[in-house]
Amino acid sequence: MIRFNDGQFEIAIATYKRPDYIKGWLRLCYNECVERNIKIRIIDSSPDEDTKKYIDEFNDESEEKVLYCHVSPSTNVGYKPMIPILESESEYLWVCGDSRYHDFDELDKKVFPYVKEKKIDYICINISNNYKLPDTIYDDKSKMLHDVFVASTCLGLSIYKMSIFDPIKKNPQLLKKYDDLFKDNYGFGWLGYFYNLYAMENHLTLLADVKTFPVLDKKKHLAWAVRFYGCWVEDLCQIIDNIPECYIGKNNIPKNTWKIMSLDAIPYCYLARKKGDLNAIKYKELENKGYFTRIIDDTKRIKKFAEAPMVEVECLYLAYRIYVFSKRVINRVLSWRDHR
């Protein structure tokens, strides 16, 4: 087991109105962190005090305290990771969401040694459920961006050496410049800060394949779905437009992202339409700005979902669910028959 020095490693968990997820995360990970001398910080933007009350109660019974920080409920999802990044005095910071945790034994073998020995500047955990890449160390910025960008968009998959952010901590003018570019980017603002600062020096990145698990065995509430296409089309393109040209081939990233995430799939189109982020007006707006042509070659399915009456959209989604369910039943029956 890896044990860190004081002030070497910190985990910051971003949360919003989900004290049950924080309870689950601490139940699964608190002791693992204490054994490794990892500091835990909660970044909470809830309008109520339920999470704070739980943390206060938890700390009353715990020897190693969990730090709690409340920020405005209006704080963009995309800016929230910057709050612990700008405040932390640790050498390394892992910015996490509240819904997933990782195998600490695997982390001890594949990730934590690089942190302990200060050999890597940025560590990205692979999204192994969507695509498979071997554990890799990059010193090529463009190759790194191409391979890790999708994973880097997910809260909980990035560990940063904090010295990367020293330029904006020491230079208020540079911080303001990046604030003007990225602070209002709802979906991925923190990535703009990071990729600009990462480009300033020669850095090493580790892409590591480590198992990840849900904190709670229940369906995650997709609160950000109200800006689904706003995030994955408009916000994504704006981030790419404002990262340095030294990332050769950066303009290919939006299409690569959509290819991996399958964001024109029926469930995603239905979800965005249901949440109000996909309709004929929204589609036309994004199309007129030229965003869709940068994201995907064929938008006919998205266009149909945007323009069709809602009752037709619901019927198509229901038919899709029936098809998926029927396919699973058939596969199970065939599997049972083959093993008789």
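Some points to look at:
- Evaluation of PRO47 against the conditions (1) in contact (Cβ under 8 Å) with a residue 40 or more places away in the chain; (2) touching a Pro at 6+ places or on another chain (Cβ under 6 Å) shows that the sole unmet condition is (1).
- Restricting attention to the range 29-51, the residues being surrounded by fewer than 16 Cβ atoms within 10 Å (Cβ to Cβ) and either in a helix (DSSP H, G or I) or in contact with a helix residue (DSSP H, G or I) (Cβ under 8 Å, 6 or more places away or on another chain) (or both) number 4.
- Answer from VAL95, VAL115 - the residue that is touching a strand residue (DSSP E or B) at 6+ places or on another chain (Cβ under 6 Å) and either small (Gly, Ala, Ser) or assigned to a helix (DSSP H, G or I) (or both): VAL115
- For the range 71-118, filtering for residues that are under 19 Å from the mean Cα position of the chain (by Cα), of a type in the set (A, V, I, L, M), surrounded by 14 or more Cβ atoms within 10 Å (Cβ to Cβ) and over 24 Å from PHE58 (Cα atoms) leaves 5.
- Residues (of a type in the set (S, T, N, Q) and closer than 17 Å to ASN251 by Cβ) located in the range 280-315: THR293
- Among the candidates LEU286, LEU263, the residue that is under 25 Å from LEU145 (Cβ atoms) and touching an Asp or Glu at 6+ places or on another chain (Cβ under 7 Å) is uniquely LEU286.
- Any hit, the range 60-70, residues being modelled with pLDDT under 95, surrounded by fewer than 18 Cβ atoms within 10 Å (Cβ to Cβ) and part of a helix (DSSP H, G or I): yes
- Filtering the range 1-28 to residues that are closer than 21 Å to LYS118 by Cα and in a strand (DSSP E or B) leaves PHE9, GLU10, ILE11, ALA12.
- Options GLU314, GLU245, GLU307: the member that is acidic (Asp, Glu) and within 17 Å of PHE228 (Cα to Cα): GLU307
- Some residue of the range 128-144 being under 23 Å from ASN5 (Cα atoms) and polar (S, T, N, Q): no
- Among residues of the range 238-260 that are charged (D, E, K, R), those with a Cβ under 8 angstrom from a residue that is surrounded by 15 or more Cβ atoms within 10 Å (Cβ to Cβ) and not in a helix (DSSP H, G or I), sequence gap 6+ or separate chain, pair up as LYS250/ILE243; LYS255/ILE296.
- Hits in the range 185-228 (condition: at pLDDT 90 or above and part of a loop (DSSP other than H, G, I, E, B)): ASN185, TYR186, GLY187, PHE188, ALA199, MET200, GLU201, ASN202, HIS203, LEU204
- Being touching a Cys at 6+ places or on another chain (Cβ under 9 Å), hydrophobic (A, V, I, L, M, F, W, C) and under 24 Å from HIS203 (Cβ atoms) is not true of ILE40.
- Selection of the range 18-57 for residues being closer than 18 Å to SER74 by Cβ and touching a strand residue (DSSP E or B) at 6+ places or on another chain (Cβ under 9 Å) yields ILE43, ASP44, SER45, SER46, GLU49, THR51, LYS52.
- Highlighted here are the helices (runs of 4 or more DSSP H) found entirely within the range 248-340 that include at least 1 residues which are of a type in the set (Gly, Ala, Ser) and out of contact with any helix residue (DSSP H, G or I) (no Cβ under 7 Å at 6 or more places or on another chain): 310-338.
- Residues that are surrounded by fewer than 20 Cβ atoms within 10 Å (Cβ to Cβ), among the acidic types (Asp, Glu) and farther than 19 Å from ARG301 by Cβ, drawn from the range 235-287: ASP241, GLU245
The values are calculated or read from the model by the stated rules, or taken from the named source; none is laboratory data. What you see is a predicted model, and the numbers here were worked out from it, not measured in a lab. Note that we place each Cβ from the backbone using ideal geometry, even for glycine, and neighbour counts take in every protein chain shown.
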